[in-house]
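Below: one structure in structure tokens.
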Amino acid sequence: MKKILLLLLLISGKMLGQETDIRSWTGVSLEKKLNKHISLNANLQVRTTDNFTAVGSYVGEFGLGYKINKHWEVSAYYRFSKRQKWDKSEDAYIYKPFHRFYANIDYDRKISIFKLSYRLRYQDQFKDTDTGLEETKSYLRNKIELAYPNKTRFTPSISADFFYKIGEDFDQIRYKAGVDYTINKRNSVGLTFFRDYALVPTDLDVYTIGLTYKLKL
């Protein structure tokens, strides 16, 4: 009992020493299958920050996926976003444009009553400057997900996404829990809750609620 009390005190002390920010990601996801192998995908999203009080960014991304077989798929995406950043010259927060390119390799397999998925992603991000595009950061991301497909309309899942900043080290893990609700063959809604756990010192603890409407065209 003493050990448990000590652990709770340490956790509460850490939380008191950090600022907590609860955010939201809401959007629409569209998928159009051209044939049994190729699909077009688009995602539009609005992200809030500062405990839902401000719009942190607007995101739009478009991609192409290729299904190799029932287990493997590759895809490539371009993302454009406008993100709220502090501008010293303006002495204010303004929305600055960013460009991201990323490619995925996805693998999934049914294991007993569960579905195990793995995704390897390479992403490279740039921002607009007066002299052109400037690279900001590149990542390799490894995501592992475990889902529970069943006969109901609800499919729960949990996942962990590991961020490796190329040339440096792992700096973030994203823990996520969520559930998809199937309306019909073409329509579904996804609700997620995740935490971005920083592996580098930070005074900000970030939690995010996501809500996505998914449509298969």
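The values are calculated or read from the model by the stated rules, or taken from the named source; none is laboratory data. Predicted, not measured: the structure shown is a model, and the values here were computed from it. Note that each Cβ is placed from the backbone with ideal geometry, even for glycine, and that neighbours are counted across all protein chains shown. Protein only, heavy atoms only, side chains kept; ligands, DNA and RNA dropped before computing areas. Shrake-Rupley method; radii C 1.70, N 1.55, O 1.52, S 1.80 Å.
Determine which member of the set K127, K115 is more than 30 Å from H71 (Cβ to Cβ), basic (K, R) and open to solvent by less than 90 Å² (accessible area, probe 1.4 Å). Steps first, please.
On the way: K115 fails: more than 30 Å from H71 (Cβ to Cβ).
Going through K127, K115 in turn, just one is more than 30 Å from H71 (Cβ to Cβ), basic (K, R) and open to solvent by less than 90 Å² (accessible area, probe 1.4 Å): K127.
Among the residues of region 36-68 satisfying the criterion of being open to solvent by 80 Å² or more (accessible area, probe 1.4 Å) and closer than 19 Å to L120 by Cβ, which is nearest to the chain's Cα centre (by Cα)?
Among those residues, the one meeting the criterion is L64.
Next question. Kindly list, by first and then second residue, each pair from a residue in region 192-217 that is touching a residue at least 60 places away in the same chain (Cβ under 8 Å) to a residue that is in a loop (DSSP other than H, G, I, E, B) and open to solvent by 50 Å² or more (accessible area, probe 1.4 Å), limited to pairs with Cβ atoms under 7 Å and residues at least 6 apart or on different chains.
Final answer for the pair search is L215/R186; K216/R186.
Cβ-Cβ distance below 6 Å, separation of 6 or more or different chains: which pairs start in region 18-30 with a residue that is assigned to a loop (DSSP other than H, G, I, E, B) and end on one that is open to solvent by 60 Å² or more (accessible area, probe 1.4 Å)?
Sorted first by the residue in region 18-30, then by its partner, the pairs are Q18/D203.
Sticking with this one: Part of a strand (DSSP E or B), open to solvent by 80 Å² or more (accessible area, probe 1.4 Å) and within 29 Å of K82 (Cβ to Cβ), is that true of Y122?
Numbers: part of a strand (DSSP E or B): yes; open to solvent by 80 Å² or more (accessible area, probe 1.4 Å): yes; within 29 Å of K82 (Cβ to Cβ): yes.
Yes, satisfied.
Among the residues of region 69-95, how many are open to solvent by less than 80 Å² (accessible area, probe 1.4 Å), free of Cβ contacts under 8 Å to residues at least 24 places away in the same chain and over 16 Å from V46 (Cβ atoms)?
6
Yes or no, residue by residue, for (1) part of a strand (DSSP E or B); (2) in contact (Cβ under 8 Å) with a residue 24 or more places away in the chain:
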position: P97; (1), (2): yes, yes
position: R100; (1), (2): yes, yes
position: E134; (1), (2): yes, no
position: K137; (1), (2): yes, yes
position: T152; (1), (2): no, no
position: T155; (1), (2): yes, yes
position: A160; (1), (2): yes, no
position: A177; (1), (2): yes, no
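Moving to a separate point now. Considering only region 143-168, state which residues are open to solvent by 80 Å² or more (accessible area, probe 1.4 Å) and among the charged types (D, E, K, R).
K151, R153, E168
Okay, moving on. Out of the residues in region 169-197 that are of a type in the set (A, V, I, L, M, F, W, C) and open to solvent by less than 40 Å² (accessible area, probe 1.4 Å), state the one that is nearest to T48 (Cα to Cα).
Residues of region 169-197 of a type in the set (A, V, I, L, M, F, W, C): 170, 173, 177, 179, 183, 189, 191, 193-194.
Keeping just the survivors that are open to solvent by less than 40 Å² (accessible area, probe 1.4 Å) gives 173, 194.
Numbers: I173: 20, F194: 14 Å.
Restricting to residues being of a type in the set (A, V, I, L, M, F, W, C) and open to solvent by less than 40 Å² (accessible area, probe 1.4 Å), the top hit is F194.
On to the next question. Inspect all residues belonging to region 26-33 and state whether any of them is among the hydrophobic types (A, V, I, L, M, F, W, C) and farther than 24 Å from T182 by Cα. Full working, then the answer.
Taking region 26-33 and keeping what is among the hydrophobic types (A, V, I, L, M, F, W, C), we get 28, 30.
From what is left, the residues that are farther than 24 Å from T182 by Cα are none.
No: zero hits.
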